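Remarks on the structure that follows.
The values are calculated or read from the model by the stated rules, or taken from the named source; none is laboratory data. As the structure is a computational prediction, the values presented were derived from the model and not from experiment. All Cβ positions, even for glycine, are placed from backbone atoms using ideal geometry, and neighbour counts span all protein chains on display. Ligands, DNA and RNA are stripped out before the accessible areas are found, and what is left, the full protein with its side chains, is counted by its heavy atoms. Shrake-Rupley method; radii C 1.70, N 1.55, O 1.52, S 1.80 Å.
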Amino acid sequence: MWFFARDPVRDFPFELSPDPPEGSPPGPWVLHRGRKKATGSPVSIFVYDVKPGAEEQTQVAKAAFKRLKTLRHPNILAYIDGLETEKCLHVVTEAVTPLGMYLKERVEAGGLKEQELSWGLHQIVKALSFLVNDCSLIHNNICMAAVFVDRAGEWKLGGLDYMYSAQGNGGAPPNKGIPELEQYDPPELADNSGRAVREKWSADMWRLGCLIWEVFNGPLPRAAALRNPGKIPKSLVPHYCELVGANPKLRPNPARFLQNCQAPGGFMNNRFVETNLFLEEIQIKEPVEKQKFFQELSKSLDSFPEDFCRHKVLPQLLTAFEFGSAGAVVLTPLFKVGKFLSAEEYQQKIIPVVVKMFSSTDRAMRIRLLQQMEQFIQYLDEPTVNTQIFPHVVHGFLDTNPAIREQTVKSMLLLAPKLNEANLNVELMKHFARLQAKDEQGPIRCNTTVCLGKIGSYLNASTRHRVLTSAFSRATKDPFPPSRAAGVLGFAATHNLYSMNDCAHKILPVLCSLTLDPEKSVRDQAFKAIRSFLSKLETVSEDPTQLAEVEKDVHAVSSPGMGGAAASWAGWAVTGVSSLTSKLIRAHPTAMPAETNVPQRPVPEGHPVPPPNPVPATPTTSSHWETQEEEKDTAEDSSTVDKWDDEDWGSLEQEAESVLAQQDNWSAKGQANQTVQVSHTDHKSLESDWSSWEAEGSWDQGWQEPNSPEPPPEGTRLASEYNWGSTEPNDKGDPFAALSIRSSTQPRPDSDSWSEDHWEGLETESRQAKAELARKKREERRREMEAKRAEKKASKGPMKLGARKLD
C-alpha cells in the first residue's frame, strides 16, 4: 500500500495571487497579494524561501515570524495565519501596501494632505511607544520599508526582523548585513568606545527622524542630508530637529514626542487626528459625547480621505446605530459616507440599516429619513419599498406633527415610481384625499395638490380620470391662496391627461370662476390656463382629425414619460410657508401650529381701498401651453412670473400680513361681490362632500364636481331687453349699477364670504352643532337631577340631628 505525503502549501487556507509581488523591501521577505480560499477576502502574504548557506537569515526570518505572531497592537501589522516548512515561511497579515508605493500612488492621484501624514506618523510613533515603554523592545529597523498602509489609510509598523530586548537579556542586536538598512543607524553606534550615554529609545528615535525626512522629501540619499529639513512642515521642524540631534541623551521619549506634537499649534493638532482618536475610544465615551461628535462629524467628512471614510468611519457609524444609542444623529454622516460606496456596497451596508430605521418610532429619525430620501431612493428595489418601507411611511400622514405630515407628502414624489398598483392608486390616494380636505395646515393641503400633479402620470387611467379633475377642482376652493394657485397649475401640468369633453365641461368652468379670485396671482394663472385649454379646443375644432393625437395620453397606461411637463411644473408650492411648520414647532414644541388659513378683512364703508401689494405670481407649465401673445406678456415680467421654483412665500406671519393688507381695488367697485360669494346651499353640499371622506375615503364621493351657478336674483332683466345700441335716452339707467348697489348693501352670508374675518375650518360648523347639542343635553340632565333631589327632599321633610335614615 502506498502512502502519499500531503503538501502543506496546497492545504494552506490562503493562496498567493498570480500577480507579481507588490514589493521586495530590503530584508529577507517578499510581499505578495493573496486571498482566503473560503471567502475570497484579500490578504497580504510575506514569503521567505529557505536557501542553503543562509542559516543566519533564516533565523532572523523565524524570529520575525514569532514576534509578529505574539505582538498585538492596533498600530502593528496584524497577524492572521502562518505556515512554516523546511522550504519556506509564509506569514499572512491584513491586506496592506508598502508605504513607499502608497505615497507614490497618492502623489500621482493628486497628492497627500498634511493631515493624513500627521495621523500616519502619529500611529507609527504610538506603535514605537508601545514597544519601548510597554514591552521594553528595540525595533531596530524603523524606515520606509518597515511601514505599511491598510485599505483605510492606517499606517502599520512591520519589519520586526531585527528586534531585540532593551534589557539586554536577549543577547547582542542581530546583524543586519544590508547596507540599505544600516544607513538609518544613528552615529553613536559607530562609536565603539561606549562613552556615548543614551536612552533605550535613542536609536529608534533617530531612525524615526529619518522616516519623517523620507516621508516629506523622498528616499534618504545619505545621513548628511538630514541637516536640511527640506519640505518638512514648519510646525514639525523643531520636534524633528530633536530626533536627529547629535546628543542621543536629548532625544525625546516617543510618548513625550506625541505630546509635543499635539500641543496647540502642533503638527498633530488638527481635526483629522482628533476624529481618529475619538473613534479609537468611542466605546468608552458617554452618550452625550457621542451625540456631539456625530453632529460635528458631517461637517468634516468632505475634507477627509475617501478610503478613511469608507473603511473606518462607516463601520463605526453602523456600529453606533446597531448597538449604541446614537439615533437619528448618525443619518447625515452615514448618507454622506454612502456617496463613496459602489452600488453593490451600498446595497449590502446601508440599505439594511435604512430599512430598519423606517420602522423606528423616533420622530427625529423619521423626519430625517424623509428629508434625505433622495440620497438613497435609487438603491431601493420595488419589493423593499412596497413591503418594508411604504407601510411605515404612510403612518406619517396621520402624525400629529405637521412637519412630519409635510415631509411625508413630499417623499411620495420619490416613492411613487416604485409603488405597486394597490399602494399608489388606492392607499396613497385615500391619504391624499383626507389631507387635501381635512388638514388644518394650508401649506400641507397645498403641497398635497402639488405632489398629486407631479405624480399624476404614474397613476393608471381609471384613477387619473376619477381623481385628478375632482382633486384640482377642490383645491381651487381652498381658502389658502397658494393652494388655489396649485390647483390651477395642477390642471395645466396634467393637461394631456384630460379628454376634450372634460376640458370643456369640467375644467374650464372651474378655471373661469377663478378669474374673479381675490388674489391676483391666482387670477393670472387662471387666465393662462384658460388660454392653454382653449387653444387645445380650438385646435381640435379647426381640425377634428387631431382629436386622437391630442387625447393619446388620456387612456394610456401609466408612464413617467407622460409627465414630462409635470416633472418641472413647480417646486413645492409653499416651500417658504411650509417652513413655518418647523418654526412653530421650534417656538412651541408642545403646541399644534395655528391655522394658516388667514382670510381677508372687509374694508369699512367710506374708507379708500389700499392698493394691492405685489404678490409673486406662480409660473405656468412648459412653454408649449402658452400662445405667442402669452410669451410676449410674460417676458415683460419674467422675474416674478416664471420663478415658482425660486419662490419664497415667506413665513406664516408675513402671509397673514400680506393677505390682510391686500384689498383688490376691483372688488371695491361692487361688481364682483355677488360673483365671488358662494351660495349657502353649495357650501353645505361641499362641506358634506369633504366630511364624507373620513367615513368612506372614496374619491368619487370625496371630490365632487362643482355645482352649477345659481340663477340671477329676482328682478334682473335679460340682456336682450335693454336698448344697447340706441341713441335714444334710456330712463331706466344702468341696470348693473342697481345690482351693484343692491349687492353691496345686502348682508353677506355668515360663512361663505372670502373676506370674512373668522373663516372657520372645513368641519367647524358641524363641530359647533355637536358641541351645542351635547351642552344642552348636559344642562337638561342637570336640571332633571336637581328637580328629583328637591322633590325627594320636600316629600320627606327635614331630618332631626342624630336620626337614622330609613328607606
Checklist line | Among (1) open to solvent by 40 Å² or more (accessible area, probe 1.4 Å); (2) free of Cβ contacts under 8 Å to residues at least 40 places away in the same chain, the one test that TYR79 misses | finding: (1)
Notebook entry, point to check: Inside the range 193-244, can you point out the residues that are over 50 Å from the mean Cα position of the chain (by Cα) and of a type in the set (Ser, Thr, Tyr)?
Noted result: SER193, SER202
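Could you run through the range 47-64 and say how many residues are open to solvent by less than 20 Å² (accessible area, probe 1.4 Å) and within 24 Å of ASP11 (Cβ to Cβ)? Show your work before the answer.
If we filter the range 47-64 for residues that are open to solvent by less than 20 Å² (accessible area, probe 1.4 Å), which is where we start, we get 47-48, 58, 60-61, 64.
Restricting the remaining residues to those that are within 24 Å of ASP11 (Cβ to Cβ) gives 47-48, 58, 61, 64.
Qualifying residue count, the range 47-64: 5.
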Next item on the list: Could you please give the count of residues in the range 122-152 that are open to solvent by 20 Å² or more (accessible area, probe 1.4 Å) and touching a Lys or Arg at 6+ places or on another chain (Cβ under 8 Å)?
Entry: 2
Next item on the list: Among the candidates ASN423, ASN447, single out the residue that is in contact (Cβ under 8 Å) with a residue 40 or more places away in the chain, assigned to a helix (DSSP H, G or I) and either open to solvent by less than 10 Å² (accessible area, probe 1.4 Å) or within 28 Å of LEU369 (Cβ to Cβ) (or both).
Entry: ASN447
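Do you know which residues across the range 98-129 are outside any helix (DSSP H, G or I) and hydrophobic (A, V, I, L, M, F, W, C)? Walk me through how you get there before you give the answer.
Within the range 98-129, the first condition is being outside any helix (DSSP H, G or I), and the residues that meet it are 98, 110-113.
LEU112, the sole residue that qualifies.
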Item checked: In the range 205-240, the residues that are over 13 Å from PHE267 (Cβ atoms), assigned to a helix (DSSP H, G or I), open to solvent by 30 Å² or more (accessible area, probe 1.4 Å) and not small (Gly, Ala, Ser) -> ASN217, ARG227
Margin query: Given (1) free of Cβ contacts under 8 Å to residues at least 24 places away in the same chain; (2) assigned by the TED database to the domain that holds LEU160; (3) of a type outside the set (Gly, Ala, Ser), identify the lone condition not met by VAL30.
Written below: (2)
